[in-house]
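Worksheet: the structure to be examined is printed underneath.
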Amino acid sequence: MATTFYGTNAPEAVKLWSRKLAREVRKATYIDKFIGESADSLIQTKTDTQKSAGDRITITLRMLLTGDGVVGDSTLENNEESLQTYTDNLIINQLRHAVRSQGKMSEQRIPFQYREEAKDGLVQWWAERYDQTFFNHICGFTPANTQTTTAGGSPGTGGTGPAYYGGNSILAPSLNRQLWQNISAANTNDQSLGSTDIMNLSIIDRAVEKAKTAQPLIRPIMWKGDKFYVMFLHPYQVTDLRTNTSTGQWLDIQKAALTGGQIAYGSRIQDGLTTADGRPDNNVNPIFSGALGVYNGVILHEAFRVQQGVNSSTGASISTVRRAVLCGAQSCFIGFGRESSFKEMSWQEKLFDYGNQLGVKAGAIFGLKKAQFNSQDFGTIVASTYAASHS
């Protein structure tokens, strides 16, 4: 029986595996459901550098017009208003990684089988990089800008360094785009948070208020005529939220919902998230998938990559603080270079030791960053709370 086998770096194999890798990487990422090309996406994909040369994408924000206009036959000429615009730059860079077999005797596998294992390992590696880079940016986790090494000299240990910031330096939360829980004191920085300053619904309310009154305002994500924000919370913060027995907090609301006969699937208490029998409605926007629930127009998501707090004086991370993040539309941008995208990545194979070992390299030219115009975060508000393990 005739069989088809593509040798090392055969054009057909390169094309096949580069596309397969890219598809599976995106599916494996936590952030997949939040990515889109429209201006209503939480993470907006920019395609400019996929079609032409260049290492950066310039994104322009036009501010709302503020002039009064003229009434009746008043003269409009010479009373026009100038457009006010700001720009942000998304820089792209190359990131690569490779795996290499131990050799035919130790592996006892032919190269084609090793390709599949190489792909699976690289899928996990790339998915982790995209996810960690996203949370480093939206949390304003500036320690990730620091290049660190292990004893063996490997870069990027612990989620910091160039491999974890997507070609763009991490920016701290801008002025008026960060809140602190204020139960035990008038906290104004992460290091001042005490053990009673834990996550509850009040700081979510404050974040929503700030988003709606910010200048420029943080634009919600539209879905079927309704407006939603998305908030990412660390598992420690989720436990604090769910176990709060105070009046008006999460458990109290759940009891009221059940007593009133409202549908509650898990923690979903928002109309339209479930079918009539209480199961998830698969026809809703993907951003609802896996959500903890919806509170005050905020879709709550648990994410273990939500970053630690940062000491405002020393720049060091604080292990007992987590930075939950409220996000609106265009909170973050992602872009790719030529021959790189969520549909295709670079794939190259190389034989070592007289053909005994097979190496596989996968790479992409991409950039990812939090949107910031005129030194103001455009779509994010960080909500810092004390958060420690409950186990």
Per-residue accessible area, 1.4 Å probe, largest first, puts Tyr236, Tyr295, Tyr229 in the order Tyr236, Tyr295, Tyr229
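At a 1.4 Å probe radius, which order do Trp223, Trp347 fall into by accessible area, largest first?
Trp223, Trp347
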Give the residues of the range 19-43 whose amide nitrogen is closer than 13 Å to a point set 7 Å from the Cα of Glu339 in the direction of its Cβ. 19
Too long for a 31 Å Cα-Cα cut-off, among Lys33/Lys350; Lys350/Lys370; Lys46/Lys227; Lys15/Lys227, are Lys33/Lys350; Lys350/Lys370; Lys15/Lys227
Only sites in a loop by DSSP and with at most 13 other Cβ atoms within 10 Å count here; which trypsin sites (Lys or Arg not before Pro) in the range 283-391 make the cut? Arg338, Lys343
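Between Val71 and Lys350, take the C-beta separation as r, use R0 = 51 Å, and let me know the FRET efficiency to the nearest 0.05.
Computed FRET efficiency for Val71 and Lys350: 0.10.
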Rg (one decimal) and Dmax (whole number) from the Cα set of the range 309-371, in Å, equal 19.9, 55
In the range 24-85, which GluC sites (Glu not before Pro) fall in coil by DSSP and have 11 or fewer other Cβ atoms within 10 Å? Glu37, Glu77, Glu80, Glu81
Return the loop-located GluC sites (Glu not before Pro) in the range 311-391 (DSSP other than H, G, I, E, B) with at most 13 other Cβ atoms within 10 Å of their own Cβ; answer none if there are none. Glu339
For the pair Tyr86/Lys361, report the inter-label distance in nm, with labels modelled 7 Å from Cα in the Cβ direction. 4.0
Efficiency of FRET from Cβ geometry, Glu37 and Lys15, R₀ 22 Å, rounded to 0.05: 0.40
Förster-model FRET efficiency, 25 Å R0, Asp226 and Thr247, C-beta, rounded to 0.05: 0.35
Go through Leu64, Gln44, Ile92 and say which Cα lies farthest out towards the positive end of the charge dipole of the range 38-105; charges sit on Cβ, +1 for Lys and Arg, -1 for Asp and Glu. Ile92
Which distance in Å, rounded to a whole number, links the C-alpha centroids of the range 304-370 and the range 55-93? 33
What is the gain in length, in nm to one decimal, between Ala186 and Asn93 on full extension, counting 0.36 nm per residue of separation less the C-alpha to C-alpha distance? 29.3 nm
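The values are calculated or read from the model by the stated rules, or taken from the named source; none is laboratory data. In this text the structure is predicted, and so the values were computed from the model without any measurement. Counting neighbours? That spans all protein chains shown, and the Cβs are built from the backbone with ideal geometry, glycine included. These accessible areas exclude ligands, DNA and RNA; they are computed on the full protein's heavy atoms, side chains included. Shrake-Rupley method; radii C 1.70, N 1.55, O 1.52, S 1.80 Å.
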